[in-house]
Amino acid sequence: MPVQDPDDRYLRVAMMVMLSLALLAGVCATAMHWLGPVHRPMDRVLPPVVSALLAGLVCALWLRPAWVGVITRIALCLSALTLMAPAWLYTVQASLSPDVRLIDTLPPMSSLFAVFMAMLMIFVPGRRAYVAAAVGWLLVASPVLVYLLTHPGELGTPRGVDLAMAFGPASLMLVVLLPVQRGLMGKIQRLASERDGIEVQLHRDPLTGVNSRLFGERVLRDVLARGGTAGLVMLDLDRFKAINDTYGHPAGDGVLRVVAATCARLLRPSECIARWGGEEFLVILPDVDPGALHGIADRLRVAIAAVPVAPVAQVTASLGTALLHPADTLDTALQRVDRALYRAKELGGNCVCAGEGGPTAGSGSLRERGSVKIPSLEVL
């Protein structure tokens, strides 16, 4: 059963927060430009258009979380165009009109440019972040800096100094910090890899390779929380102690590996098998009715009895089944399937018994059918 990757969830949350803040900034800019005393065409058109596009990206990310990569790229391109348009338009306008000063017409975009450069460092992977930062600086910052350097009168004003610092040394500092950020990201990725390795060790049984009891309990809790029809199969190998005593523990370990692999091959990806302890395995079957539950359990029994495991002549298993009830807890569900397994062991093994409340379809409950035990085969 798949488990959601926490890293993907973090990326979606981070992008959702940034898009929401950008949308809020766009709405505020729209209100200020429309209510302000000076109404320039671009100031009145660009903020509402960008706000509408950002709202669309927020809705798309909310409805289609898997599109986070595409939405991130669109958001970066939209941010670049939003900064480029006023930078070039007002710079060219100020250059061509002697009575227009750039420091008076250029919107307060220096802080937005710093946020844009930070977004590039966060969301653009690898060396492409350097190229993206350089292209972004050339397209947004360079025209403003070139204009200010060629107009010393405007450069000497407080607004001119602020723009020169924001688009010059401050933006270069962000680029210089890029290797530091990459180093931190590398360390975070290594820690994430180590975490994944630890999770694999916790979630996988080291001997058989199937899920561990810890992971099985986690899946069972999720199934109980979701509700719906689901069933459990608990199987226990018959006379396993005799196998260990006769052939040794390495042979017993081989039996466990073969049985686990055989059962795992018969199950769908949505179904879970976990080693519950010793020679016991628990199978969790979502969306199953009584007839299908009994059928799957019997197929597992037949497959285990048919698989050759040298030097053991034959291996058999006892199986108990139980359908989950709406009021079930982890303990009550396990108690019922364990009691069904115990009845199967009492009947001599190599058979399937249904727990109370979950009779096997088409055959009645164990007590109604009388003797349902399939003759067990002795282990040679």
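Details
- In the set (1) touching a residue at least 12 places away in the same chain (Cβ under 8 Å); (2) open to solvent by 90 Å² or more (accessible area, probe 1.4 Å), the condition left unmet by I188 is number (1).
- Taken over the range 123-141, the criterion of being loosely packed, with under 14 Cβ neighbours inside 10 Å and either of a type outside the set (D, E, K, R) or in a helix (DSSP H, G or I) (or both) is satisfied by P125, G126, R128, V131, A134, V135, L138.
- A count restricted to the range 241-254 and to residues that are touching a residue at least 12 places away in the same chain (Cβ under 8 Å) and in contact with a helix residue (DSSP H, G or I) (Cβ under 6 Å, 6 or more places away or on another chain) stands at 2.
- Flag if R73 is open to solvent by 80 Å² or more (accessible area, probe 1.4 Å) and not acidic (D, E): yes
- Meets criteria (at pLDDT 85 or above and either among the β-branched types (V, I, T) or in contact with a Lys or Arg (Cβ under 6 Å, 6 or more places away or on another chain) (or both)) for V45: no
- The set of residues from the range 90-109 being in contact with a Ser or Thr (Cβ under 9 Å, 6 or more places away or on another chain) and either assigned to a helix (DSSP H, G or I) or within 16 Å of W137 (Cα to Cα) (or both) comprises Y90, Q93, A94, S95, L102, I103, M109.
- Any hit, the range 152-164, residues being of a type in the set (S, T, N, Q) and either farther than 17 Å from A80 by Cβ or open to solvent by less than 10 Å² (accessible area, probe 1.4 Å) (or both): yes
- Tally of residues being assigned to a helix (DSSP H, G or I) and either on the phi > 0 side of the Ramachandran plot or charged (D, E, K, R) (or both) across the range 282-340: 7
- Residue match in the range 90-102 (condition: open to solvent by 10 Å² or more (accessible area, probe 1.4 Å), polar (S, T, N, Q) and without any contact (Cβ under 8 Å) to a residue 12 or more places away in the chain): yes
- Selected residue (only one of L237, L224 is under 29 Å from D196 (Cβ atoms) and not polar (S, T, N, Q)): L224
- Output for the range 267-324, where each listed residue is under 19 Å from L224 (Cβ atoms), open to solvent by less than 50 Å² (accessible area, probe 1.4 Å) and of a type in the set (S, T, Y): T321
The values are calculated or read from the model by the stated rules, or taken from the named source; none is laboratory data. Not measured: the values here are computed from a predicted model. Ideal geometry is used to build each Cβ from the backbone, glycine not excepted, and the neighbour counts take in all protein chains shown. Surface accessibility is based on the protein's heavy atoms, side chains included, excluding ligands, DNA and RNA. Shrake-Rupley method; radii C 1.70, N 1.55, O 1.52, S 1.80 Å.
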